Each structure stands twice: as C-alpha cells, then as structure tokens.
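Here the structure is laid out as structure tokens; the discussion comes afterwards.
The values are calculated or read from the model by the stated rules, or taken from the named source; none is laboratory data. What you see is a predicted model; the values in this text were computed from it and never measured. FYI the Cβ positions are ideal-geometry reconstructions off the backbone, even for glycines, and counts take in every protein chain you see.
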Amino acid sequence: MGNADLRNEIPNLTSKLIQIPSVNPPGLTADVANFIRDWLSAHGFSSSVYEYARGKPNIIAKVGSGRPVLILNGHMDVVPPGDETKWTHPPFSGRIIEGRVYGRGATDMKGGLAVIMTVFAELGPLIEGLGSGTLIFSATADEEVGGHAGVEALVRDGVLIGDAAVIAEPSGPTRYYIGEKGLCQVRIVARGKPAHGSLPILGDNAIMRLIRAVGRAEELINEFNRTVKVPSELVEAIRNSAEAYMEAAGALGVKLSLNDFERVIATVSFNPGVVRGGSKVNMVPDYAELELDMRVPPGVSPSQVIELLRNGLSGLAEVEVMDTSEPNYTSPSERIAQLVHEGIERVLGARPRPMLITGATDGRYLRARGIPTIVYGPGELALAHAYDEYVSVEDLVRVHDVLNYVVRRFFGIT
Ligand SMILES: [Zn+2]
C-alpha cells in the first residue's frame, strides 16, 4: 500500500478500531490488540505483546536501532457508552457520515491510534534505513482506569523508554498539551460522641465538626493559593487553557471570566465530592466523613497540601490520603515541544497553542522518567466520554500531516 493510500485510509482504520469494543471497565483489549498486530504485520512490521493484567495486552512495535528514540503512544481502552438509546449512531458502529467518524472512542482515542499507526507504517521503512534512530509504536491498555497495567508498567520495566514521546490523546490539530495538574484526593474524618438528639449538649456532633473542618480546609487552601506561583514558562499555556475552557463553558451558557479560569487552573482547586455521616435524625452522630478532590498545579506537591490540612485541622478532624499524583510538564523549550509547535505552524499555517490540562494522562509516567512528552492528537476534549462522540476526517488528516512532519524532523529525514 502506498503512503497516499495509507493516509486516505485513516478514517476507515478509525472506524474499524471503533467497531472492536474495548470498554473499560473491564478494559479487555485483546481483540483490538490482535487487530493492530495483524494490521502492522500486513504492513511488514513485527510487534511484541506485554500483558501485565489478564486480558489487557499492550502492543509494542519498533523500527530502527540506537538513539535517538521517539515513542508514539495511544491507549486502546474506551469508557462505557452509557445509555445506548441516547446515541444517534450506535456507539460501536464506526459510521462515517458527512466528514465525521462516529462512535465510542472516536475522539478518545481510536482516531489518534489510527493516526500514529499510519505515521509508523509510512515512516518505518525510512527510519529502518537510517544509521541510528528508533521509532517505537505503542498501543496500551488501562489508561481510563489509571494506566497501571499499561504505560506505568511498561515505563517501570524499561520497555517504554526514549528521548521523547508523543501521546495522541485528543488536543485538536492546533493545540497541544505540555503538562497537567496533579491529583490530591483526601478523606476528612470527624469523630464525635453519640447522645440523644433532644439533648445534644451531652454529645459531640461529628457532622458539626466536619462542617467546621471543611470550612477551615477551604480557608487554608484559599490562603495557600495566594502564595502559589507556577513556573513562568507555563504562563502562556495556562492562558491558552483558560481561553479554551472558557470557550467550551461559554458554549454551554456558563459565563465566567478568563481570570476565573486562569485562577482555577493555576492554583489548587477545591471540590468536596462525597459526604457521609449520621444514621438517625434524633441522634447526635459520632462519625462523619467527606471526600475532597483537589488538583494541584506545577510548582505544588500533593504532600504540601496534605501537610497543610493535617496541621490546620488537627484537633478537629483527621485527614486520610485517598490518591495522589504529582503535577508534571515538559518545558516548551524541549525539542519535541518545539517540533510539534513548528509542525502546526508550517504544515497547517495555524497559530499553535501549548496548553496545561486539569486532568491526568499517561504522560505523567513518561515525564516522571524524565522523558519529554507532548500530548497531541485529533478530536476535541469536550467530546471525549460524550454521547455521539465523533472525530472529524479533517482533524484526522491534519494531525496526521503534522505528526508525519514531526517524526521526519526528529530523525532528520527530508
Ligand atoms: Zn484518552
């Protein structure tokens, strides 16, 4: 198959990937993995399987040898389709209509997978002929539930190690993600003393304690946020992200200022998500708890936030850690960031926008290993996990053209 044919086949390839369900949970990726292996093999490439959890294989294919090493990555699992009657086109139809490919995973991220499979197949033979340089294609499992049996394990085992990486999660053709916020989820636990509800002075009300503790926690975070300073090289990315989130929120009728969005991105966010406590209206409760979700920007560590809350709430409530991850980013001055930036400018003639996102991707595992990582792929973040998810054929082709340019430039292929 010639390269022009491969490029023209991207929408069909996306459609075929969508038609193989890989819903997570349970996140079984064997069928998609087999399809990808067969496709690679039909184009002349062998691949290896790494399975860290039963039924969740990861696929790795390599061309060339020696350094530099560039990793292309995409995840194979998708989130559940939800209520299938709410889909205009069935979620696993992969229907291609009026320039769009529809289905669960179209945007997040079977479209991106199809693009990097294509770039790998197009440029593989050229990289094979280089004196030195390795391109790694990786299709991984488990991203939607934390990447533990996918990218995290592959990086730990030294399988996914390189000089730079591109993850084709949806950013859209002119935006790219250089970093993401970290996660700090804690449980605030208040304990009291039970008594009859008609004589509350005999007890110690855990719900009232919890309310005071949560109010205090919010004050502590607000105070702390006044001292937070994100690295100066991220200021532009934060501005771009604020614009993008404001645009998306505006389309839904939410009217907030650019400043509001900049603040929520560049500081520690505060969201009590679950509250439990008490058992009867006429009893003084002796236990109450609240689950708090905070996202921390680069420059702040979750451990700082936990210590702040533990000290500030001592004597009032306990703070238990549920889940944390460090914020992370790749400097805009890294070569891979500059190549993606340049590719968007030169290939698309568009203004490139680096961004910092509020959620987490598998990029965190690569960056934690010191691998400069850019997230760039077809689709729109707003469509990920939505009903009638789609990716436009135009996005697929534009991102393909940019990534083809990036990989060529990375290896010095003209
Ligand atoms: Zn994704």
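In table form, for the structure just shown:
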| quantity | calculated |
| --- | --- |
| Failed item in (1) aliphatic (A, V, I, L, M); (2) over 27 Å from GLY312 (Cβ atoms); (3) in contact with a helix residue (DSSP H, G or I) (Cβ under 9 Å, 6 or more places away or on another chain), with VAL186 passing the rest | (2) |
| Count of residues meeting criterion [at negative phi and part of a strand (DSSP E or B)] in region 114-134 | 1 |
| Filter result (on the phi > 0 side of the Ramachandran plot and either within 15 Å of the ligand (Cβ to nearest atom) or at pLDDT below 95 (or both)) within region 154-183 | GLY172 |
| Filter pass, VAL264 being β-branched (Val, Ile, Thr), surrounded by fewer than 21 Cβ atoms within 10 Å (Cβ to Cβ) and touching an Asp or Glu at 6+ places or on another chain (Cβ under 6 Å) | no |
| Long-range neighbours under 7 Å by Cβ, at least six apart or interchain, first residue at positive phi within region 382-409, second within 16 Å of the ligand (Cβ to nearest atom) | HIS385/VAL79; HIS385/ASP108 |
| So SER325, is it within 30 Å of ARG191 (Cα to Cα), hydroxyl-bearing (Ser, Thr, Tyr) and in contact with a Lys or Arg (Cβ under 8 Å, 6 or more places away or on another chain) | yes |
| Flag if LEU210 is closer than 27 Å to LEU383 by Cβ and either away from the ligand (no atom under 15 Å from the Cβ) or part of a strand (DSSP E or B) (or both) | no |
| Residue in region 255-262 that is in contact with a strand residue (DSSP E or B) (Cβ under 6 Å, 6 or more places away or on another chain) and either outside the structural domain of ILE221 (by TED's automatic domain parsing) or not polar (S, T, N, Q) (or both) present | no |
| Residue within region 259-272 that is within 24 Å of PRO354 (Cα to Cα), among the small types (Gly, Ala, Ser) and part of a helix (DSSP H, G or I) present | yes |
| Criterion: in contact with a strand residue (DSSP E or B) (Cβ under 6 Å, 6 or more places away or on another chain), of a type in the set (A, V, I, L, M, F, W, C), within 16 Å of the ligand (Cβ to nearest atom) and in contact (Cβ under 8 Å) with a residue 24 or more places away in the chain - qualifying residue of VAL145, VAL186, VAL151 | VAL151 |
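Here is a yes/no grid of residues against (1) modelled with pLDDT under 95; (2) assigned by TED's automatic domain parsing to the domain that holds ARG37; (3) in contact with a helix residue (DSSP H, G or I) (Cβ under 8 Å, 6 or more places away or on another chain); (4) of a type in the set (S, T, N, Q):
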position	(1), (2), (3), (4)
LEU130	yes, yes, yes, no
ALA139	no, yes, yes, no
VAL145	yes, yes, no, no
VAL151	no, yes, yes, no
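Here is a yes/no grid of residues against (1) in contact with a strand residue (DSSP E or B) (Cβ under 7 Å, 6 or more places away or on another chain); (2) under 30 Å from LEU316 (Cα atoms); (3) among the charged types (D, E, K, R); (4) modelled with pLDDT of 95 or more:
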| residue | (1), (2), (3), (4) |
| --- | --- |
| GLU223 | no, yes, yes, yes |
| ALA248 | no, no, no, no |
| LEU252 | no, no, no, no |
| ARG276 | yes, yes, yes, yes |
| LYS280 | no, yes, yes, yes |
| PRO285 | yes, yes, no, yes |
| GLU291 | yes, yes, yes, yes |
